[in-house]
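> Right, I'll just put the structure down here and ask away after.
Nothing in this text is a laboratory measurement; each read-out follows from the coordinates by a stated rule. Only a predicted model underlies this, so the values are computations on that prediction, with no experimental measurement involved. Virtual Cβ from ideal backbone geometry, glycine too; neighbours counted across all protein chains shown.
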Amino acid sequence: MGALRDEHHNGWLMPSGNYPAAVYDDPWATQATAPAVQHSPAPARIVSLKPTGFEAARTVGEHIRAATPVVMDLTEMTDAEAKRMVDFASGLVFGTCGGIERIARRVFLLTPADVEVTVIDRPLDDSGFYNQS
């Protein structure tokens, strides 16, 4: 019993085929389960933050970890702290498989992994205007 050496597989070992079938006792398979409760989905929520310092980074991170999109307005921050916050946000969304989109100058949308953002960056028709109908 055990593995046999097979010349057709270049010396690799293969099972001999003399093994009994595995039998598992599954106590969960015989127990009755409660019916699934239907929950209404939670209302969609987006958090808007206007931080004045890097201390708000923790708040941003907690919202993204809780799968809540964040609009981060950095217009009240100094250039150095705004750059630091963008660096933090970039690492945060990379680590959580989320996304980051620039909405306006110094305003960013941070999204968790399960949120898809569609960006329209060009007119939708030939006249140069967005189709608003």
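> Filter region 76-113 down to residues that are of a type in the set (Val, Ile, Thr) and part of a loop (DSSP other than H, G, I, E, B), then give me how many there are.
Here the count works out to 2.
> Which of the residues that make up region 70-91 are over 13 Å from Val107 (Cβ atoms), surrounded by 14 or more Cβ atoms within 10 Å (Cβ to Cβ) and of a type outside the set (Lys, Arg)?
Glu81, Phe88
> Another question about this same structure. Which residue is nearest to Val117 (Cα to Cα), if the candidates are limited to region 50-65 and must be loosely packed, with under 15 Cβ neighbours inside 10 Å and in contact (Cβ under 8 Å) with a residue 12 or more places away in the chain?
The residue in question is Arg65.
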